[in-house]
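Written below as structure tokens is the structure these notes are about.
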Amino acid sequence: MRIIPLSEGTFTIDQTKRLVPFDASSHQLTDRPVGSLLVEIQPFVVITSKDVLLLDTGLGLKKEGVLQLHRNLMDNGINPGEVTKVLLSHLHKDHAGAVGMDEGPAAELSFPHALYYVQRAELDYAFEKGSASFAPASLECLRGNPQVQLLDGNGETDGYIRYEVTGAHSPHHQAFWIQEENEIIFFGGDEAPQLQQMKHRFVAKYDADGKKAMELRRKWWQLGEVEGWTFLFYHDVKHPSITFPGLP
Ligand SMILES: [Zn+2]
């Protein structure tokens, strides 16, 4: 399978949850509010023998009317119309920014030929919870849309994509495993966001259930090493992905 990271840039994020662009050549982390974290915003494309998969959709920023996500895809030789499935780990603003072309219920989906895989409870929760973590107006296009597969819990699609509700970073967060032949790609969204969270055990304040998230990370890192997974890190500024060779 071919993996293409689609970075939208590096940012700092502090307690206000605001993302501020960070340019390592001119900015200093020490100039940002205490406790600021350095994060990448980085959706992925995975090209398999059956699909062009998009994993999460970034911030939804536009330049001259064109979505940054579309531009990044085209720079990699992929037309947005070629994406066949959009797999959404959860619907926080920094992951679901570009599900649609615009805000509001009448907006077109940004991937006209793709099926979108969303947990039903996550979508409901986004509207219930509102604008603190979600951008409900930009999610309205997902409601009642025939392209959207509303998932109820764990399952599998097309015999090679598995999803599991993990619910630690946010209550209805899901993780994905994509398996073709001997290759396993793991996308844990914000429950496996960066390499350092996988290597070091700590309870993070940004997780709804910090202890559960920590346990999941430990479990996945161990299992990934044994089974030779490739981890995709949505928020890692240095390592978009890491592949374990697998144990004999
Ligand atoms: Zn995130």
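The values are calculated or read from the model by the stated rules, or taken from the named source; none is laboratory data. Everything numeric here is computed off the predicted structure, so don't read it as measured data. Note that each Cβ is placed from the backbone with ideal geometry, even for glycine, and that neighbours are counted across all protein chains shown. Each accessible area value is taken on the protein alone, full model and side chains, heavy atoms only, with ligands, DNA and RNA left out. Shrake-Rupley method; radii C 1.70, N 1.55, O 1.52, S 1.80 Å.
Across the chain, the longest run free of exposed loop sites, meaning GluC sites (Glu not before Pro) lying outside DSSP classes H, G, I, E and B with no more than 12 other Cβ atoms within 10 Å, spans 109-180. Starting from 0 in steps of 5 Å, tell me what percent of the Cα-Cα pairs of segment 24-121 lands in each bin. Calculated over all Cα pairs of segment 24-121, the distribution is 3, 12, 21, 23, 16, 11, 8, 6, 2, 0 percent.
If you roll a 1.4 Å probe over segment 2-243 with all protein chains in place, what percent of the accessible area is carbon or sulfur? Whole-percent figure for carbon plus sulfur exposure: 49.
For segment 1-50, the Kirkwood hydrodynamic radius comes to 12.5 Å, computed from all pairs of different C-alpha atoms.
Its DSSP H runs of at least 4 residues, each contributing -39,500 (n - 2.57), put the calculated 222 nm mean residue ellipticity of the chain at -5500 deg cm²/dmol, to the nearest 500.
Remark: relative contact order (segment 2-243) = 15 percent; criterion is Cα-Cα distance under 8 angstrom and separation of 6 or more residues.
Under the Kirkwood approximation applied to all pairs of distinct alpha-carbon atoms, what is the hydrodynamic radius of segment 11-81 in Å? Result for segment 11-81 stands at 14.3 Å. According to the square roots a ≥ b ≥ c of the eigenvalues of the Cα gyration tensor, what is the shape class of segment 108-248, taking rounded for a/c under 1.5, prolate for a/b larger than b/c otherwise, and oblate for the remainder? Taking the square roots of the gyration eigenvalues as a ≥ b ≥ c, segment 108-248 is oblate. Loop-resident trypsin sites (Lys or Arg not before Pro) (DSSP state other than H, G, I, E or B) in segment 1-91 with no more than 12 further Cβ atoms inside 10 Å of their Cβ: 17, 18.
Ligands, DNA and RNA excluded, the heavy atoms of residue 226 present near 80 Å² of accessible surface to a 1.4 Å solvent probe. Computed over segment 2-243, the P(r) tail beyond 22 angstrom holds 51 percent of alpha carbon pairs. If the cut-off is 21 Å between C-alpha atoms, which lysines fall inside it for residue 50, apart from same-chain ones fewer than 8 positions away? Hits, sequence-local ones excluded: 85. What the Cα convex hull of segment 196-248 gives, in volume per residue, is 76 Å³.
Loop-located trypsin sites (Lys or Arg not before Pro) in segment 138-221 (DSSP state not H, G, I, E or B) with no more than 16 neighbouring Cβ atoms inside 10 Å: 143, 201, 205. Count the net charge of all other residues whose Cβ sits under 13 Å from the Cβ of residue 49, scoring Lys and Arg as +1 and Asp and Glu as -1. Neighbour charge sum, excluding residue 49 itself: -3. Taking 20 Å as the straight-line reach from the Cα of residue 238, the lysines in range (excluding those fewer than 8 positions away in the same chain) are 199.
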